[in-house]
Amino acid sequence: MAERPEDLNLPNAVITRIIKEALPDGVNVSKEARRAISQAASVFVLYATSCANSFAMKAKRKTLNAGDVMSAMEEMEFERFLPPLRDALEAYKKGQKGKKEASEQKKKDKEKKNGTEEHDKSREEEEEEEEHMEEEDGENEGEEEDVEN
Amino acid sequence: MSEKSVEGKDERGVNNKTISLPVSRVKLIMKSSPDVSCINQDALFLTTKATELFVQHLALSSYNNGSGKETNTLSYSDLANTAEETETFQFLTDILPKKILASDYLKSLEQMEEDEEN
């Protein structure tokens, strides 16, 4: 839980670096502007979370999944983020699989669970990317941290 | 131009680190939202990545729309203008209010009072 208001800020150094990478070389970003962007980023996280959460609730799920975040981006009219997000997620998953070599296990789990996932079918067009990650509510081992606090 | 550099960065980062913001902090912010109970690892990753894209998008749009191109600066007012003028950034207007001079504000108050009297 966030105990101090500062806990809800993102680290300035990282934000500054990301801004620098986005802008042409040599652009000066005022301190006030950096602080404002950092706050905007926190608000963005909250906004995205609440949008994603409403998609999860509509589907009667307690756990936010990747599809919910993608739908939230569409809802917020940030469709432009979808392709880079898909690429990043794919790369991220590859990295995880390489580490854990757990793909076989995952496939088996998925087959087992197919029956329980029928109710999600209607949303699957939006979630082409997420076929492998429909694991829900703690049936999975270790990789997902569904901490409840 | 920036699009390219963003993609380039992604490609380089594919095998090591694709995100630079701390996931734990993003998670903390997400959890501060009252209705959220569980967030799976992929959703957390995507939100973190999206936040980075958002920061870049906001900075670049503000710079491109802004007045600082000649002076090579990005200022607060560029951000406030972008929040007000761009539909996708409208949700930021509360935390990126436009600055006005106190004297102008007082004048507009007086103006409003006069209007009410008439």
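The values are calculated or read from the model by the stated rules, or taken from the named source; none is laboratory data. Predicted model only: the values in this text are computed from it and were never measured. Heavy atoms of the whole protein, side chains included, go into the accessibility calculation; ligands, DNA and RNA do not. Shrake-Rupley method; radii C 1.70, N 1.55, O 1.52, S 1.80 Å.
Here are the numbers for the structure shown:
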item	result
Distance cut-off 18 Å, percentage of C-alpha pairs in chain B lying past it	68
Nearest-ten-degree value, helix B:76-85 long axis tilted from longest Cα axis of chain B	90
Spatial separation of Cα centroids for segment A:12-63 and segment B:69-118, in angstrom	22
Cα-based helix-to-principal-axis angle, B:41-65 vs chain B, degrees rounded to 10	40
Estimated buried accessible area (total), pair A and B, 1.4 Å, Å² to nearest 100	5700
Relative contact order, percent, segment B:8-118 [alpha-carbon distance under 8 Å, six or more residues apart]	14
Given A:62/B:49; B:27/B:98; A:31/B:98; B:27/B:69; A:62/B:27; A:20/A:97, the pairs whose alpha carbons are separated by over 24 Å	B:27/B:98; B:27/B:69; A:20/A:97
